[in-house]
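Notes to accompany the following structure.
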Amino acid sequence: MMKQQRSLTREQYLKKFSRAVRWRLPPQESEEAIADYRELIFQEERDESKLVEELGAPAQAAHLLTDVKAYRRWLKIFAVLAFGLFLLAKWAWMGHSSFYFSFADQWWYPVWVMAVGLALSLYWFRRYGQKNGPLSKRLVLALVVVLAFGAGTMAWNWYVFDSSFLDSYVERYPLIIPWQVILQRELIINGGMICALIALAGLILAKCYDRRWLALYTLAVTVAAVCGFIIFFCRSIDIGYAVRSSAQSYLFARLIPIGAAGLIGTGVALC
């Protein structure tokens, strides 16, 4: 016996249909489809209790409008990018990778994920994504917040990796762990995980509303990669005198180009 589909109000139907169609279609096409279905749903003569019976379930209606081949291609791209963000969040939390490549230090792993993510996402959204109206003020605010956090994290690590601070830290360790080191650890661990989640949100918003939301993905994934780089670096080195004297210069000679690449990618995503 077939299960009877639950009836939906006009508002519920349109909401579910909008979500489904925005995920499956480019922004402009999805907005046109939503406008067409809004007219159908809110026709005075249409019986609200028979919406699903007459128009089909919202997901089924969206499926009928979908270019299946293009949609499957998007799902593959999304799966790769989402898996990369999962790795960044996992590495930020655990501080190590379960796999190892003998030809490279582990602190480069987050940078590889970032590089693949930037190249793949920019290619796909520049080719298949669409702009939709003026630049969102919420996007600008989100970019400012992520950029401020990334800059603050970089500045704090510049201070913590200064040779004079490291010398004083080694003298007191392990009896006392300075609050500056505790704060640094919280920033890069929690910041790495949160930025991975923000990047995922930016990716979804870029698909559903406006490709320029990809800028939030590119900036957040860059900050997450920087946090991962620092975490792996901290866990891999032995802070002897030679390391303390050169740690800051070694670290930032690599972090600055990584950050610059992410900012360039963010600018491209906004264009």
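A few comments on the model shown:
- Of 87, 135, 165, farthest towards positive along the dipole that unit charges on Lys, Arg, Asp, Glu beta carbons give the chain: 87
- The lysine pair count for the chain, using Cα distances under 27 Å and pairs eight or more places apart or on different chains, is 23.
- Hz values of 3J(HN,Hα) by residue in region 224-237 - Karplus curve (6.51, -1.76, 1.60), Gly and Pro given as x: 4, 5, 4, 4, x, 4, 5, 4, 4, 4, 5, 7, 9, 9
- Inter-probe distance in nm under a simple model that places probes 7 Å from Cα toward Cβ, at residue 101 and residue 120: 1.4
- With the simple spin-label model, which puts each label point 7 Å out from Cα in the Cβ direction, the residue 253 to residue 197 separation comes to 3.7 nm.
- Ranked from largest to smallest solvent-accessible area, with a 1.4 Å probe on the protein heavy atoms, 216, 147 come out as 147, 216.
- Cα-based shape type of region 95-154, given that a ≥ b ≥ c are square roots of the gyration tensor eigenvalues and the cut on a/c is 1.5: oblate
- Rounded to the nearest 10 Å², the accessible area of residue 177 at probe 1.4 Å: 70
- Within the chain, the longest run free of exposed loop sites, counting GluC sites (Glu not before Pro) that sit outside DSSP helix and strand states (H, G, I, E, B) and have at most 12 other Cβ atoms within 10 Å, spans 46-271.
- Estimated translational D of region 130-205 in µm²/s (Stokes, Kirkwood radius over Cα pairs; 20 °C; 1.002 mPa s): 145
- Accessible area in the full protein assembly, largest first, 1.4 Å probe, for 111, 145: 145, 111
- The 3J(HN,Hα) values that the Karplus relation (6.51, -1.76, 1.60; θ = phi - 60°) gives for region 81-94 are, in residue order, 5, 5, 5, x, 5, 4, 4, 4, 5, 5, 5, 5, 6, 8 Hz. Gly and Pro appear as x.
- For region 121-185, the set of chymotrypsin sites (Phe, Trp or Tyr not before Pro) satisfying both a DSSP loop assignment and a count of at most 14 other C-beta atoms within 10 Å is empty.
- Spacing of the modelled spin labels on residue 82 and residue 164, each 7 Å from Cα toward Cβ, amounts to 5.0 nm.
The values are calculated or read from the model by the stated rules, or taken from the named source; none is laboratory data. As the structure is a computational prediction, the values presented were derived from the model and not from experiment. Positions of Cβ are backbone-derived with ideal geometry, glycine not excepted, and every protein chain shown enters the neighbour counts. The area values use the complete protein model at the heavy-atom level, side chains included, leaving out ligands, DNA and RNA. Shrake-Rupley method; radii C 1.70, N 1.55, O 1.52, S 1.80 Å.
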